1. Based on this model, can you work out whether B:R52 counts as open to solvent by 30 Å² or more (accessible area, probe 1.4 Å), within 12 Å of chain A (Cβ to nearest Cβ), of a type outside the set (S, T, N, Q) and under 21 Å from the mean Cα position of the chain (by Cα)?
2. Determine which single condition B:R111 fails, assuming it passes every other condition in (1) over 19 Å from A:W17 (Cβ atoms); (2) within 14 Å of chain A (Cβ to nearest Cβ); (3) open to solvent by 70 Å² or more (accessible area, probe 1.4 Å); (4) assigned to a helix (DSSP H, G or I).
3. Is it the case that some residue within the range B:39-48 is at the interface with chain A (Cβ under 10 Å from one of its Cβ atoms) and of a type in the set (S, T, Y)?
4. Determine whether A:F53 is modelled with pLDDT of 80 or more and either of a type in the set (F, W, Y) or in the same structural domain as A:D149 (by TED's automatic domain parsing) (or both).
5. Residues of the range B:67-107 being of a type in the set (D, E, K, R), within 19 Å of the chain's Cα centre (by Cα) and within 11 Å of another protein chain (Cβ to nearest Cβ), which ones?
6. Residues being within 13 Å of chain A (Cβ to nearest Cβ) and in a strand (DSSP E or B): count how many of those fall in the range B:4-29.
7. So A:L128 clears everything in (1) closer than 20 Å to A:L6 by Cβ; (2) buried (at least 17 other Cβ atoms within 10 Å of the Cβ) except one condition, right? Which one?
8. Is at least one residue of the range A:423-433 over 20 Å from A:I490 (Cα atoms) and touching a Phe, Trp or Tyr at 6+ places or on another chain (Cβ under 9 Å)?
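The values are calculated or read from the model by the stated rules, or taken from the named source; none is laboratory data. As the structure is a computational prediction, the values presented were derived from the model and not from experiment. Virtual Cβ from ideal backbone geometry, glycine too; neighbours counted across all protein chains shown. All accessible areas refer to the heavy atoms of the entire protein, side chains included, with ligands and DNA or RNA removed. Shrake-Rupley method; radii C 1.70, N 1.55, O 1.52, S 1.80 Å.
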Amino acid sequence: MRPGILLLLSLRNRAAWNAVCDLRRHSRTKIVVILLFALALWLGLYWIFMDGFRFMDRGLGGTLEGLRTYILDVGLAVFFLSLFVMLAISNGIIAYGALFRSEETAFLLARPLRAPDIFAYKMLEGILFSSWAFFFLVFPLVAALGIYDRAPWYYYPGALLLMGGFALLAAAAGGIATLLVGRFLTRSPRRVLALLILIVSLVAIVWALNLIGSYRASLDRSGEVWMQRVLGKLGLSRSPLLPSYWVSDGLLAFARGELARAAYRLELLGATVLFAGMVAVHAARRFYLPAYHRAQALGRRRGTRAVEGGYALMERALPGMSDDLRALIVKDVKSFLRDPVQWSQVLVFFGLLGVYFINMRNLRYDLDQPFWKHLISLLNVIATSLTLSTFTSRFIFPLLSLEGRKFWILGLLPIARRNILYSKFWFAFGGSFLVSESLILLSDAMLGLPGPVMALHAVMMLFVCAGLSALAVGTGALYPDLREDNPSRIVSGFGGTLNLVLSVLYVTLIIAFMAVPYHVTGMSFSGGEGLRAAVLPGVAAAALVGLCAVILPLRLGVRAFEKLEV
Amino acid sequence: MIEIEKVTKSFGPKRAVNALSLTISPGEFFAFLGPNGAGKTTTIKMMVGLLRPDDGAIRLCGHDIRTDPVAAKACISYVPDEPYLYDKLTGREFLEFVGRMYRLDRARRDRRIADLADRLALNDFLDDLAEGYSHGMKQRVVIAGALLHEPRILVVDEPMVGLDPRSVRVVKDILRELSRAGASVFMSTHTLAVAEEMAARIGIIHHGDLAALGTLDDLRRAAGGETGLEDSFLRITSDEEEAS
């Protein structure tokens, strides 16, 4: 490794070591709570994967062993392909901030260091930020697969190498893409990055529609035929040209003791990682500095007159709020909409859910037995709520911390500090309610569920949105990091982790109280007294939990925020 | 020596620096003045390689910043207006890191750190993490980092902002010594009194053009009278505004 990179990495190691030593200043309870949450989450994932393997064995073991193996092959290939796309995008987003916008990069570029060394250092740093969640998710899977299949000992080091290579390759892909966008495209790299995310999503949507079409065409055939058709469409993820397939295939080969095939996949991945690394270094040598200069020279444009008019209209339309509160909300809306990387992520994930919900009639779910309709609607509610919880954790929790250096502006305003917090709550609640409520009503309408069920789901989403927004705003005020201007880092701290865990718990509770009783009993009841008896206590319990989730975090957050000294 | 040759830089339709030419000799103390948004920081960023000129060339100690950036940066030091430190490093660790970037051997690094820590009164906090420093403390550590390798060119952007009066005096003394020892000092500032007191030559940039260049006396004459730098500055820049 080049001396410049080694020097920069030694600097990062020293800073990391100091941060670890600094942990002593934090309360031990806090550290133990984080570790326990992490362990619980890890064990939960491990259990889910193990149960999945058992389920497949129960359903497809014995005579259908070949089909089980095939489903596992395809499932893992799709899983790693999706992860590769998401990791590459995540690396691209992180690399953009680190390469073109960070103060540290400006500091280093004014020193006698080579630009490719700074690029490599920033990329290695970015890998840590973008890949920890991947490793956290994938290790329980690797462990479950190894233990369930009684894999040989070399499966574990082999899996580790495969996962490491996978993360490096995704980082190289994201980094190279960011570099090329920064160098060659004339628009703001941030906008282009957002456009790339949308294009990738569009490809995924087209693929998904194709899959749905194939499923629909084979609905009238036997189960085995439609399964083969659907798996055939997913077979694209098993293209021998895809590195994600080398990883999934290599992993299974290691697990099954097929050492030669596993080694071949590992070599293929290793060689590609080295090649991608070389391309990245060459690209950095040629393009990084010009791209950096271009990024610094880009002007910042305001929105069109129509968009500005839209903001004014929104400000007038906010009901029953004081002027200052409305101004604060509109400020946050503008900041959000003018950051393409933020809104594009929301658009992609909720857009994918929307496309799926719209196509439920094509999947003929509306004609299914009530059991399946209820199950599907429950799963849709769960998917929307959990997606929402990740977004409030990612975008709402760091809102207050991101005021950071500008905090004196808000701090000096002649308004009650609590209004600042409330404005962020209303911003989060308004946005999330609008999106998730529309999605859930769309899903129910497509499934042809009756009015009372739709009303139940509507109320449930109201509770979910209010609670998640209050949790994110409240914990954001309790654990602010006013020095950090990178949202990814703010979110990965203690407060961010706590908020995510609390959000998932909250969603679980609300769904358990409100949706599960109806969906379990709804399969046998057709309405009337029995249904009311099953649902009403759950609604009351959920309302109580919802109220607590709104009032407590906001009250604690306001108290902490009013005492906050900058 | 700093050689800026017909350098131009635009941001979209706005021309921030327009065909700027300047030469700062070894040992010269040069003050760079201008109203907000006149092009001072853009010029500095081009000098240290953070921006690339659309046209023209910048040579530092004979090395073109565009074609030979590492050699050019090895002879220059830059103190930005916003001091940057790593929060999770102590001041000493930061200085050691900077010394290693400029390839100072351990003995020289330690000697220089000890010397600068004494002069800039850093010893009380140098072994604390930088996240607890005030703006002035950060600024002093950053200035120490910039002086560590005894640069042949020092570029400073508002070096006195946030410093207490004693530190201001120390920094002024250090900058003078550096200049006397043969280094070119390029200082951008809004504090006209400091420029008046320290600079041998002053340049005023306005709307991207070099509106005036010379000694204090030259500027007074250009402004049309025996006035101080403040009056000269206001006259030169307001004349320009009226003309445009």
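1. Numbers: open to solvent by 30 Å² or more (accessible area, probe 1.4 Å): yes; within 12 Å of chain A (Cβ to nearest Cβ): yes; of a type outside the set (S, T, N, Q): yes; under 21 Å from the mean Cα position of the chain (by Cα): yes.
So B:R52 fits the description; yes.
2. The number of the failed condition is (2).
3. Yes - at least one qualifying residue is present in the range B:39-48.
4. So A:F53 fits the description; yes.
5. Residues of the range B:67-107 that are of a type in the set (D, E, K, R), as a first pass: B:68, B:73, B:81-82, B:87-88, B:92-93, B:96, B:100, B:103, B:105-106.
Checking which are within 19 Å of the chain's Cα centre (by Cα) leaves us with B:73, B:81-82.
Passing the criteria: B:K73, B:E82.
6. Adding up the residues that qualify gives 8.
7. Against the list (1) closer than 20 Å to A:L6 by Cβ; (2) buried (at least 17 other Cβ atoms within 10 Å of the Cβ), A:L128 comes up short only on (2).
8. Yes, the range A:423-433 contains at least one residue that is over 20 Å from A:I490 (Cα atoms) and touching a Phe, Trp or Tyr at 6+ places or on another chain (Cβ under 9 Å).
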